[in-house]
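First the structure, in the form of structure tokens, and then the observations on it.
What follows draws every value from the coordinates through simple rules; no lab data is involved. Remember, it's a predicted structure, so these values are computed and weren't measured experimentally. Quick reminder, even Gly has a Cβ in these numbers, built from the backbone with ideal geometry, and neighbours come from all protein chains shown.
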Amino acid sequence: MSKSIIERGLELANSGAYRRVEEIEREVSFEGYSNAAQHFAAPTFRKQLRNLMQSSRASRLV
């Protein structure tokens, strides 16, 4: 894992493949990142992920 859990979470959110923060949290845990729950509990990070997911879905519809 060359990326931090934060970088990976942002990358997944920007992919457009996820609709909920919990899905991304589950994926990074599956990929072997530890302490996912702790990182994903931060309200600011969750908001950032939600915003990225929303914008990536919107851009896919265009």
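Here's the yes/no breakdown for (1) surrounded by 14 or more Cβ atoms within 10 Å (Cβ to Cβ); (2) of a type in the set (Lys, Arg):
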{"position": "20", "(1), (2)": "no, yes"}
{"position": "39", "(1), (2)": "yes, no"}
{"position": "49", "(1), (2)": "yes, no"}
{"position": "58", "(1), (2)": "no, no"}
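In region 1-32, which residues are in contact (Cβ under 8 Å) with a residue 40 or more places away in the chain and on the phi < 0 side of the Ramachandran plot? Of everything in region 1-32, those that are in contact (Cβ under 8 Å) with a residue 40 or more places away in the chain and on the phi < 0 side of the Ramachandran plot turn out to be 9, 10, 13, 14, 15. Considering only residues that are of a type outside the set (S, T, N, Q) and assigned to a loop (DSSP other than H, G, I, E, B), look in region 28-37 and name the one that is surrounded by the fewest Cβ atoms within 10 Å (Cβ to Cβ). The extreme case among them is 32. Filtering region 14-35 to residues that are out of contact with any helix residue (DSSP H, G or I) (no Cβ under 8 Å at 6 or more places or on another chain) and aromatic (Phe, Trp, Tyr) leaves only 30.
Restricting 11, 25, 7 to those that are among the charged types (D, E, K, R), in contact with a Phe, Trp or Tyr (Cβ under 6 Å, 6 or more places away or on another chain) and part of a helix (DSSP H, G or I) reduces the list to 25.
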